[in-house]
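What follows is a single structure, written as structure tokens, with notes after it.
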Amino acid sequence: MSATQSSIQLSLPDGTSQEFPAGVTAGEVLEQSNGKWLEGTIAVKIDGVPKDLKTVLQQNSTLEPLTFSSDEGKEVYRHSSTHIMAQAVKECFPAAQVTIGPAIEEGFFYDFAFERPFTPEDLELIEARAHEIIKRDLIITRQEFTKQDAIDFFKARGEAYKVEIIEGFQDDEPVSAYTQGEFIDLCRGPHIPSTGHIKAFKLLTSAGAYWRGDERNPMLQRIYGTSFPTQEALEKHIANLEEIKKRDHRKLGKELDLFSIQDETGPGLILWHPKGALIRLLIENFWREQHIKHGYDLVYSPHVARLDLWKTSGHVDYYRENMYASMPVESSEYQLKPMNCPFHIMVYKSHLRSYRELPLRYGELGTVYRYERSGVLHGLMRVRGFTQDDAHLFCRPDQLAAEVSKVLEFTIFVLQTFGFTECEMYLSTRPEKSVGSTEQWDQATQALEKALNDGQFDYKLDPGEGVFYGPKIDVKIKDALGRSWQCSTVQVDFNNPNRFGLTYIAEDGKSHQPIMIHRALMGSIERFFGILLEHYGGAFPTWLAPVQAQVLPISDKQQEYGTSVLNNLRKEGCRAELDLRNEKIGLKIREAEKAKIPYMLVVGDRESQSGTVSVRKRNGKSLGTMSVEEVLTIIRNEIPSVLSCDSSRPV
Ligand SMILES: [Zn+2]
Ligand SMILES: [Zn+2]
């Protein structure tokens, strides 16, 4: 139908359809059909695309209100908030030039070209001005320019960065901008109808950031902020941010003396201190034992290998920027390993394989080294050397779905043992650039789907997000603060078996190519340890606590009795320590609590006479007086039952 039609048919949020005159705005439609639909509505989806409420409708379409509760609604809300912040900055500091200001998860930022960093006092001033702008309830309107007009307009306003952005646009496309009061910003939109729609607004921090993220470009001043539809939600968020700060693994790692990163050693390289190393050992023991139980063979591989190996695997062509420079050894070049895969492939290749042997599952806690720019390094989360809990499975095509099923079950079991009960799964399918035939991709994707369905796992589809060599399933865990972390991944690979010429002799007596699966459950031990540390806020569950019980004599008189208690605990495999310092018991208790030791066993005269201990938990709760045997029973009961063998030791 043509745009001149006088009436249009609109599908409404309740599924009904109504006729409206052409030229009506989306906001008017929602208001006239049911006033309630405008409550909390900040924008609208027209045929699935987020638009301003003021969008004029000329043809039949479907309308859906957008509120803060959806991801798209949050984006509109936060992005509109960053415009308000930019306006406040321009009003307070007219010399600042605006660049870009996107919504991000949980908030927004805006980068300004300004002669100096913004101080905390500046932020207070800007925030107060932003609140004023919200109060003014300025109407937000959209305009469109030709590219040249937009360039002229922003040039005249002295906004060089905006001009540079517009110059990068296509010539024939109209350029849109949004105005609120005196402030106008280049923007695709959509936006909230007026500034007063922002109910709770707060600036958080400022930091330097390079223009377009490139360190050769000028340094800009970035301000972070956040906004919410209620003050209560904002306050809850701020409290959560405080908790995140308190649980920062870099801070806890230092306080609990678990690990360090030192400049003399090199950035991104982890030194595991005794207590951290002990926790890691417990994690690794559990990992190895469970892998053997689940039908894996464990292997070890070297940290360097001939560069040629990485040429065969394709890493030299596709992964070079993450690899360190190669080193000459006699007449060949060697390379520090960025991955474990080629080594496991070489183990597979060391024999002629029969279909009867498959599947083969090679697991390794394999340490790899990857070049990461110093700017992106972050504690244990992003490092230059780390240990993957890696495994490579080689199977026949008919075994693929069953193998993936087993990996998924194993993943859930491992994550649950570490206390992660909530997770989300994502199935990523064929990307634009990829290797392998359509048939291979279809078969593998179906196998992954089958595994997900057989296990009755809820999952989301990530179309086109697979690796170039095959589809994959990613598992994201939720931590105690509700944050998502991607740890586990299961990836099908058609590429490496081909590159390395892997074969097996099938039932038909002929050579066939096996399918390879790359998988990691925790991802990197370093990062997983960092996540665990923040998840538990340093109070590791008893089976992972480096010290499970601390014996605290009240005075020197109980030294002998305290030592016998310690020995009894240790004899039973409990990780116990004794605090013999000549300090007040109150201080000893406080320090043991700070060290997050699960059990404190206080011994005074009464206890030494009756052969008991007075038990206190790290949360301050008293369990009363009991025998050492009873304490051991309590501790044993806190060890997950799957750990009742070697890896659970001590205890
Ligand atoms: Zn905008
Ligand atoms: Zn791999």
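Listed residues H294, H344, H315; which is surrounded by 14 or more Cβ atoms within 10 Å (Cβ to Cβ) and either within 16 Å of ligand 1 (Cβ to nearest atom) or outside the structural domain of M522 (by TED's automatic domain parsing) (or both)?
H315
With the stretch 414-488 as the region, which strands (runs of 3 or more DSSP E) entirely inside it contain at least 2 residues that are aliphatic (A, V, I, L, M) and either under 16 Å from A520 (Cα atoms) or in contact (Cβ under 8 Å) with a residue 12 or more places away in the chain (or both)?
Because the criterion is at least 2 residues that are aliphatic (A, V, I, L, M) and either under 16 Å from A520 (Cα atoms) or in contact (Cβ under 8 Å) with a residue 12 or more places away in the chain (or both), the strands (runs of 3 or more DSSP E) in the stretch 414-488 that meet it are 423-428, 472-478.
With farther than 28 Å from A150 by Cα, of a type in the set (V, I, T) and either touching a helix residue (DSSP H, G or I) at 6+ places or on another chain (Cβ under 7 Å) or within 16 Å of ligand 2 (Cβ to nearest atom) (or both) as the only criterion, which of T205, T230, T195, T226 stands out?
Exactly one of T205, T230, T195, T226 is farther than 28 Å from A150 by Cα, of a type in the set (V, I, T) and either touching a helix residue (DSSP H, G or I) at 6+ places or on another chain (Cβ under 7 Å) or within 16 Å of ligand 2 (Cβ to nearest atom) (or both), namely T226.
Could you list all residues from the stretch 352-367 that are surrounded by fewer than 21 Cβ atoms within 10 Å (Cβ to Cβ) and small (G, A, S)?
Hit for the stretch 352-367 is S354, nothing else.
Restricting the search to the stretch 161-180, which residues are in contact with a Phe, Trp or Tyr (Cβ under 8 Å, 6 or more places away or on another chain) and outside any strand (DSSP E or B)?
Residues satisfying the conditions are Y161, K162, V163, I166, P174.
Of all residues being in contact (Cβ under 8 Å) with a residue 60 or more places away in the chain and away from ligand 1 (no atom under 14 Å from the Cβ) in the stretch 160-177, which is surrounded by the fewest Cβ atoms within 10 Å (Cβ to Cβ)? Just the residue, please.
Per the stated criteria, the residue is A160.
Can you tell me which residues in the stretch 26-60 are among the hydroxyl-bearing types (S, T, Y) and over 16 Å from G189 (Cα atoms)?
Matches in the stretch 26-60: S33 only.
Residue check: is A95 within 32 Å of the chain's Cα centre (by Cα), closer than 26 Å to A156 by Cβ and surrounded by fewer than 20 Cβ atoms within 10 Å (Cβ to Cβ)?
no
In the stretch 252-273, which residues are part of a helix (DSSP H, G or I) and free of Cβ contacts under 8 Å to residues at least 40 places away in the same chain?
K254 - this is the single residue of the stretch 252-273 that is part of a helix (DSSP H, G or I) and free of Cβ contacts under 8 Å to residues at least 40 places away in the same chain.
Being under 33 Å from the mean Cα position of the chain (by Cα), in a helix (DSSP H, G or I) and surrounded by fewer than 23 Cβ atoms within 10 Å (Cβ to Cβ) narrows it down to one residue among H83, H131; which is it?
Result: H131 is the single residue among H83, H131 that is under 33 Å from the mean Cα position of the chain (by Cα), in a helix (DSSP H, G or I) and surrounded by fewer than 23 Cβ atoms within 10 Å (Cβ to Cβ).
Could you check, for the stretch 628-638, whether at least one of its residues is within 23 Å of A539 (Cβ to Cβ), outside any helix (DSSP H, G or I) and modelled with pLDDT under 95?
Yes, there is a match, as at least one residue in the stretch 628-638 is within 23 Å of A539 (Cβ to Cβ), outside any helix (DSSP H, G or I) and modelled with pLDDT under 95.
For L352, indicate whether it is under 22 Å from the mean Cα position of the chain (by Cα) and touching a residue at least 12 places away in the same chain (Cβ under 8 Å).
It is false that L352 is under 22 Å from the mean Cα position of the chain (by Cα) and touching a residue at least 12 places away in the same chain (Cβ under 8 Å).
Taking the criterion of being farther than 28 Å from I505 by Cβ, aromatic (F, W, Y) and either over 32 Å from the mean Cα position of the chain (by Cα) or in a strand (DSSP E or B) (or both), would at least one residue in the stretch 276-286 satisfy it?
There is no residue in the stretch 276-286 that is farther than 28 Å from I505 by Cβ, aromatic (F, W, Y) and either over 32 Å from the mean Cα position of the chain (by Cα) or in a strand (DSSP E or B) (or both).
Could you check, for the stretch 322-335, whether at least one of its residues is crowded, with 19+ Cβ neighbours inside 10 Å and within 30 Å of the chain's Cα centre (by Cα)?
For the stretch 322-335, residues crowded, with 19+ Cβ neighbours inside 10 Å and within 30 Å of the chain's Cα centre (by Cα): present.
Which pairs turn up if I take residues in the stretch 72-88 that are free of Cβ contacts under 8 Å to residues at least 12 places away in the same chain and look for partners that are among the hydroxyl-bearing types (S, T, Y) and near ligand 1 (Cβ under 10 Å from one of its atoms) with beta carbon separation below 6 Å, at least 6 apart in sequence or on another chain?
none
So for the stretch 115-126 (the condition being away from ligand 1 (no atom under 13 Å from the Cβ), among the polar types (S, T, N, Q) and under 32 Å from the mean Cα position of the chain (by Cα)), does at least one residue qualify?
Yes, the conditions are met somewhere in the stretch 115-126.
So if I check each of F118, F108, which one is part of a loop (DSSP other than H, G, I, E, B), in contact (Cβ under 8 Å) with a residue 40 or more places away in the chain and more than 16 Å from ligand 2 (Cβ to nearest atom)?
F118
Search the stretch 473-492 for residues being away from ligand 2 (no atom under 12 Å from the Cβ) and of a type in the set (A, V, I, L, M), and hand back the single one that is farthest from the chain's Cα centre (by Cα).
That would be I473.
Would you tally the residues in the stretch 178-218 being more than 14 Å from ligand 1 (Cβ to nearest atom) and in contact with a Lys or Arg (Cβ under 6 Å, 6 or more places away or on another chain)?
2
Report yes if L220 is touching a residue at least 60 places away in the same chain (Cβ under 8 Å) and crowded, with 18+ Cβ neighbours inside 10 Å, otherwise no.
Taking the combined requirement at face value, the residue satisfies it.
Would you check if there is a residue in the stretch 382-391 being under 20 Å from E507 (Cα atoms), buried (at least 17 other Cβ atoms within 10 Å of the Cβ) and not acidic (D, E)?
Within the stretch 382-391, none of the residues are under 20 Å from E507 (Cα atoms), buried (at least 17 other Cβ atoms within 10 Å of the Cβ) and not acidic (D, E).
Test each condition in (1) under 24 Å from the mean Cα position of the chain (by Cα); (2) in contact (Cβ under 8 Å) with a residue 24 or more places away in the chain for H378 and report the one that comes out false.
For H378, the exception is condition (2).
Criterion first (away from ligand 1 (no atom under 16 Å from the Cβ) and over 18 Å from V631 (Cβ atoms)) does C487 satisfy it?
Taking the combined requirement at face value, the residue satisfies it.
Is it the case, given these coordinates, that I126 is surrounded by 16 or more Cβ atoms within 10 Å (Cβ to Cβ) and at pLDDT 95 or above?
So I126 fits the description; yes.
Can you give me the ranges of the strands (runs of 3 or more DSSP E) entirely in the stretch 325-379 with at least 1 residues that are under 30 Å from I261 (Cβ atoms) and of a type in the set (V, I, T)?
Answer list for the stretch 325-379: 327-329, 360-369.
The values are calculated or read from the model by the stated rules, or taken from the named source; none is laboratory data. Keep in mind it's a predicted model, so treat the numbers as computed, not measured. Here Cβ is always computed from backbone atoms with ideal geometry, including for glycine, and neighbour counts include all displayed protein chains.
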